[in-house]
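Asks: What follows is a single structure, and I will ask about it in a moment.
The values are calculated or read from the model by the stated rules, or taken from the named source; none is laboratory data. Predicted model only: the values in this text are computed from it and were never measured. We place every Cβ from the backbone using ideal geometry, glycine too, and count neighbours over all the protein chains shown. Calculation scope for accessible area: heavy atoms of the full protein, side chains included, ligands and nucleic acids excluded. Shrake-Rupley method; radii C 1.70, N 1.55, O 1.52, S 1.80 Å.
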Amino acid sequence: VVLVRTVQFNTASMQDAYVHTNCLAALANMASAFKRLHPHAARCLVSLYDVLARKFQRLSLFASPVAPSSDGNEGDAEGGEPSLH
């Protein structure tokens, strides 16, 4: 519950990438050991997932689509991955 609240607080105000990454990594490492969770702890995890999913969806809407280049190819000059510039 403490890690979930830390991530939610960090998402809302601090936005420290180091704290965010480490708390989410700790939750991911403990995920296989979660058994018979208290309903409050389960609600907190679902709430965290909901907050992160909404944030991801909002950020994905702002991502600009890749525009085709003047020669009609969407990739870079070497024919590799599409350009994200």
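Asks: In the range 1-21, what count of residues is obtained for those that are aliphatic (A, V, I, L, M) and either in contact with a helix residue (DSSP H, G or I) (Cβ under 7 Å, 6 or more places away or on another chain) or at pLDDT 85 or above (or both)? Give the derivation first.
Replies: Here is the first cut: in the range 1-21, the residues aliphatic (A, V, I, L, M) are 1-4, 7, 12, 14, 17, 19.
Filter again for either in contact with a helix residue (DSSP H, G or I) (Cβ under 7 Å, 6 or more places away or on another chain) or at pLDDT 85 or above (or both), leaving 1, 3-4, 7, 19.
Here the count works out to 5.
Asks: For the range 3-20, how many residues are polar (S, T, N, Q) and surrounded by 11 or more Cβ atoms within 10 Å (Cβ to Cβ)?
Replies: Qualifying residue count, the range 3-20: 4.
Asks: Given the options 83, 64, name the one that is modelled with pLDDT under 85 and surrounded by fewer than 12 Cβ atoms within 10 Å (Cβ to Cβ).
Replies: Details: 83 fails: surrounded by fewer than 12 Cβ atoms within 10 Å (Cβ to Cβ).
Going through 83, 64 in turn, the sole match is 64.
Asks: A follow-up question, please. Would you please list the contacts, defined by Cβ atoms under 7 Å and residues six or more apart or on different chains, that run from a residue in the range 16-38 that is within 11 Å of residue 3 (Cα to Cα) to a residue that is open to solvent by less than 70 Å² (accessible area, probe 1.4 Å) and hydrophobic (A, V, I, L, M, F, W, C)?
Replies: Between residues of the range 16-38 that are within 11 Å of residue 3 (Cα to Cα) and residues that are open to solvent by less than 70 Å² (accessible area, probe 1.4 Å) and hydrophobic (A, V, I, L, M, F, W, C), the close pairs are 20/7; 23/3; 23/7; 24/7; 26/3; 27/3.
Asks: Could you list, in sequence order, the residues of the range 22-59 that are surrounded by fewer than 11 Cβ atoms within 10 Å (Cβ to Cβ) and either modelled with pLDDT under 85 or of a type in the set (Phe, Trp, Tyr) (or both)?
Replies: 56, 59, listed by residue number.
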